[in-house]
Amino acid sequence: MHVVAGVLVDGAGRILIAQRPPGKHLAGMWEFPGGKLEQGETPLMALERELDEELGIAVDPLSFEALVRIPWNYGERKMLLEAILVRAWTGEPKALDAAEIRWLDPCDIDPALLAPADRPILAATRLPGHYPITPADVSPDDAVALLTSALARGERLLQLRLPGVPVDDVHAVVTRVLPELRALGATLMLNRDIESARAFGEGVGVHLAASQLHVLEGRPLPLSQMVAASCHDAAELALASALGCDFATLSPVHATASHPGAEPLGWPRFAQLAEAASLPVYALGGLGPDDAMDARLHAAQGVAGIRGFL
């Protein structure tokens with residue numbers, strides 16, 4: 001079943017969510033408005049019709065922007081949920097086919113209130129196009145300087161990766177940047193360190209290694225803290241999704257000096273894997289900020305890396 005959902009964004013950056021009415025599957029839960037494609041419809045045609053029927057608004061398909069595609073299973077019921085950003089429409093949205101509608105900042109929406117298949121869509125609205133990672137060979141003081149500089153440039157999702165550095169020194173880095181992170185609404189992902197992320201709470205998440213995906217039995221942090229994973233193939237992306245990760249990195253897209261023995265995916269294979277994943281995916285490996293457009297054209301949320309990001 002092919003389903004399309006519209007993510008309406010108003011001038012203040014708020015997005016519209018709708019509550020499923022009594023008597024429907026997942027009644028009472030919230031979702032992004034939309035519905036199934038009818039015979040002969042394209043996703044854009046279906047979304048135009050659905051938003052008219054459900055909200056009473058007229059939209060121009062030429063203004064649509066692809067956000068993310070989410071393959072999802074509700075038991076034996078399989079579907080492809082395609083989310084599309086909508087920034088312009090005529091008319092005032094009304095709850096014609098929902099118990100209620102609300103306009104909320106993406107960061108103010110509790111993912112637990114959303115239908116499970118809609119949670120990756122919310123994650124995609126919250127995630128930026130860049131995901132910088134600190135170099136592995138810098139000192140804690142240099143890491144603080146790099147993170148602070150990146151925040152000043154507007155980066156809002158960062159990974160702290162300091163292998164071999166004592167955990168107390170890593171904690172000191174987080175403590176120094178945490179007030180600014182929280183003030184800006186930014187997120188710092190700690191590489192592999194679940195316990196430290198849990199202890200710091202708001203503004204801090206964890207980026208799991210692929211090996212951790214095979215041993216964890218459930219999402220290691222609450223929905224209020226981000227969880228990500230390093231993935232290299234379809235099986236690892238499936239594990240990340242099953243674990244409830246908010247996003248993943250998929251690598252290597254191109255050859256890298258740090259992993260000379262790894263076979264590059266290339267953009268066609270990356271796109272194939274990212275489109276089949278049930279969560280937003282960042283492209284990683286031999287990429288820089290200037291590759292963001294290529295990444296978006298190949299189903300990525302954006303680009304991740306060290307070179308040129310910090």
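Cβ separations smaller than 7 Å between residues 6+ apart or across chains give no pair from the stretch 83-107 residues that are at positive phi to residues that are among the acidic types (Asp, Glu).
Screening the stretch 87-106 for residues that are at pLDDT below 95 and of a type in the set (D, E, K, R) and picking the one that is surrounded by the fewest Cβ atoms within 10 Å (Cβ to Cβ) gives ARG87.
Annotation: of all residues in the stretch 121-167 being closer than 30 Å to ALA277 by Cα and among the hydroxyl-bearing types (Ser, Thr, Tyr), the one that is surrounded by the most Cβ atoms within 10 Å (Cβ to Cβ) is TYR131. For the stretch 196-218, the count of residues that are farther than 16 Å from VAL144 by Cβ, modelled with pLDDT under 95 and under 18 Å from the mean Cα position of the chain (by Cα) is at least one.
ALA277 fulfils the conditions (1) more than 19 Å from ILE84 (Cβ to Cβ); (2) buried (at least 24 other Cβ atoms within 10 Å of the Cβ) except for a single criterion, (1).
Each row is one residue, and each column tells you yes or no for (1) within 16 Å of ALA5 (Cβ to Cβ); (2) in a loop (DSSP other than H, G, I, E, B).
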residue	(1), (2)
ASP97	yes, yes
ARG102	yes, no
ALA117	yes, no
THR125	yes, no
PRO135	no, yes
ALA143	no, no
THR148	no, no
GLY154	no, yes
GLN159	no, no
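Would you point out which residue out of ALA18, ALA46 is touching a residue at least 40 places away in the same chain (Cβ under 8 Å) and in contact with a Pro (Cβ under 7 Å, 6 or more places away or on another chain)?
Values: ALA46 fails: in contact with a Pro (Cβ under 7 Å, 6 or more places away or on another chain).
On inspection, the qualifying residue turns out to be ALA18.
For LEU146, are the conditions met, namely being aliphatic (A, V, I, L, M), under 22 Å from GLY305 (Cα atoms) and in contact (Cβ under 8 Å) with a residue 60 or more places away in the chain? Judged against the criteria, LEU146 is a match. Could we say that ASP118 is under 23 Å from THR249 (Cβ atoms), surrounded by 18 or more Cβ atoms within 10 Å (Cβ to Cβ) and among the charged types (D, E, K, R) here? Judged against the criteria, ASP118 is a match. Residues that are in the same structural domain as TYR74 (by TED's automatic domain parsing), farther than 21 Å from ARG119 by Cα, touching a strand residue (DSSP E or B) at 6+ places or on another chain (Cβ under 7 Å) and loosely packed, with under 15 Cβ neighbours inside 10 Å do not occur anywhere in the stretch 32-42. Search the stretch 96-114 for residues being among the hydrophobic types (A, V, I, L, M, F, W, C) and within 14 Å of PHE32 (Cβ to Cβ), and hand back the single one that is farthest from the chain's Cα centre (by Cα). Ranking the qualifying residues of the stretch 96-114, first place goes to ALA98. Taken as a whole, the structure places VAL174 among residues that are within 30 Å of ASP105 (Cα to Cα), surrounded by 18 or more Cβ atoms within 10 Å (Cβ to Cβ) and in contact with a Phe, Trp or Tyr (Cβ under 8 Å, 6 or more places away or on another chain).
Quick check on the stretch 71-86: of everything there that is surrounded by 13 or more Cβ atoms within 10 Å (Cβ to Cβ) and out of contact with any Lys or Arg (no Cβ under 9 Å at 6 or more places or on another chain), which residue is modelled with the lowest pLDDT? Break it down stepwise before answering.
Applying the first criterion (surrounded by 13 or more Cβ atoms within 10 Å (Cβ to Cβ)) to the stretch 71-86 yields 71-72, 74, 79-86.
Those still in the list that are out of contact with any Lys or Arg (no Cβ under 9 Å at 6 or more places or on another chain) too: 74, 84-86.
On the way: TYR74: 76, ILE84: 95, LEU85: 96, VAL86: 96.
Top of the filtered list is TYR74.
Between ALA295, ALA235, ALA262, the distinction of being in the same structural domain as ARG182 (by TED's automatic domain parsing), small (Gly, Ala, Ser) and within 26 Å of GLY75 (Cβ to Cβ) belongs to ALA235 only. For the stretch 1-59, taking the residues that are outside any helix (DSSP H, G or I) and of a type in the set (Asp, Glu), the one that is nearest to LEU81 (Cα to Cα) is identified as GLU31.
Just to verify a result, which residue in the stretch 17-28, among those that are closer than 18 Å to ARG119 by Cα and out of contact with any Asp or Glu (no Cβ under 8 Å at 6 or more places or on another chain), is surrounded by the most Cβ atoms within 10 Å (Cβ to Cβ)?
Quick first cut of the stretch 17-28, residues closer than 18 Å to ARG119 by Cα only: 17-20, 25-28.
Among the residues that remain, those that are also out of contact with any Asp or Glu (no Cβ under 8 Å at 6 or more places or on another chain) are: 25-28.
Working: HIS25: 9, LEU26: 14, ALA27: 11, GLY28: 12.
If we take residues in the stretch 17-28 being closer than 18 Å to ARG119 by Cα and out of contact with any Asp or Glu (no Cβ under 8 Å at 6 or more places or on another chain), then LEU26 is surrounded by the most Cβ atoms within 10 Å (Cβ to Cβ).
Just a yes or no: is a residue in the stretch 238-252 more than 23 Å from LEU67 (Cβ to Cβ) and of a type outside the set (D, E, K, R)?
Step one: of the stretch 238-252, the residues more than 23 Å from LEU67 (Cβ to Cβ) are 239, 252.
Keeping just the survivors that are of a type outside the set (D, E, K, R) gives 239, 252.
Yes: one or more hits.
The values are calculated or read from the model by the stated rules, or taken from the named source; none is laboratory data. Fair warning: this is a prediction, and the values are worked out from it, not measured in the lab. Ideal geometry is used to build each Cβ from the backbone, glycine not excepted, and the neighbour counts take in all protein chains shown.
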